[in-house]
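Accompanying notes for the structure given below.
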Amino acid sequence: MQTDRRRWDDRYREGAYTRRPWPSAILSELADQGVLPPAQGARALDVACGAGRNSLYLAQLGYRVDAMDVSPVALARAADTAISRGVRVNWQCRDLVAQPPLLVKGQYAVITLIRFMLPEYARLLVPALAPGGLLIVEEHLQWPDSSALAGPQSERFRVAPGDMLDALLTVAPEAQAVHQYEGLREDPDGASVALSQLAARL
């Protein structure tokens, strides 16, 4: 745990992701399309939130947000940004792999897991969704030449095509995918990325 925390702390101290203040495209697109559950009074969870770009966006939409990450340096930056934007987020420092969260059943209308490999993500997160809740997951996708793309170079930190949906349906056969995409996209900073995206309603 300490090695992983130190590695991420060092990255954030060196300025990682300071030029990425915008929310993930999948999240903002679903919001624009009216797919997100009503925000007022509803709770949202941002897993592996980093410097909080998606947590802050959800809070600005009106959700009561819990946000978890291994790096206290990232969370400190996120908390400063929250103050400057006049929003409130419940920031929690946690190693999500070594100490998976124990979540209350049915407490969240929205759960996001963006570009972080969490083993058994569906088993851990699905029970915490409220009826009609939305699970939004985005991972780096295995690609023939990932060296030309942004993101991890090791296949170990990329998912195979179809893996995320298969894992979800194994845990929740009743889940309905409202968005699914696998392929190349371009981030707002111009970086090319291979992504597996899934948004499912329970």
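The values are calculated or read from the model by the stated rules, or taken from the named source; none is laboratory data. This one's a predicted model, so the numbers in the text were calculated from it and none came from an experiment. Please note: Cβ atoms are built from the backbone with ideal geometry, for glycine as well, and neighbour counts cover all protein chains shown. When the accessible area is computed, the model is the full protein with side chains, heavy atoms only, and any ligands, DNA or RNA have been set aside. Shrake-Rupley method; radii C 1.70, N 1.55, O 1.52, S 1.80 Å.
What about residue 167, is it aliphatic (A, V, I, L, M) and either modelled with pLDDT under 95 or assigned to a helix (DSSP H, G or I) (or both)? So residue 167 fits the description; yes.
Scanning segment 184-202 for residues that are closer than 16 Å to residue 139 by Cα and more than 18 Å from the chain's Cα centre (by Cα) yields 184, 191, 192. Scanning segment 177-202 for residues that are in contact with a Leu (Cβ under 8 Å, 6 or more places away or on another chain), closer than 27 Å to residue 124 by Cβ and either of a type outside the set (Phe, Trp, Tyr) or in a loop (DSSP other than H, G, I, E, B) (or both) yields a total of 16. Under 8 Å between Cβ atoms, at least 6 apart or on separate chains: pull out the pairs that start in segment 95-121 with a residue that is farther than 23 Å from residue 72 by Cβ and end on any residue that is assigned to a loop (DSSP other than H, G, I, E, B) and open to solvent by 60 Å² or more (accessible area, probe 1.4 Å). From segment 95-121, the pairs are 109/38. Within segment 187-202, residues that are open to solvent by 30 Å² or more (accessible area, probe 1.4 Å) sit with their Cβ atoms under 9 Å from residues that are charged (D, E, K, R) and not in a strand (DSSP E or B), at 6+ positions apart or across chains, in these pairs: 188/20; 189/19; 189/20; 202/174. When we screen 84, 71 for residues that are buried (at least 21 other Cβ atoms within 10 Å of the Cβ), among the polar types (S, T, N, Q) and under 18 Å from residue 50 (Cβ atoms), the only hit is 71.
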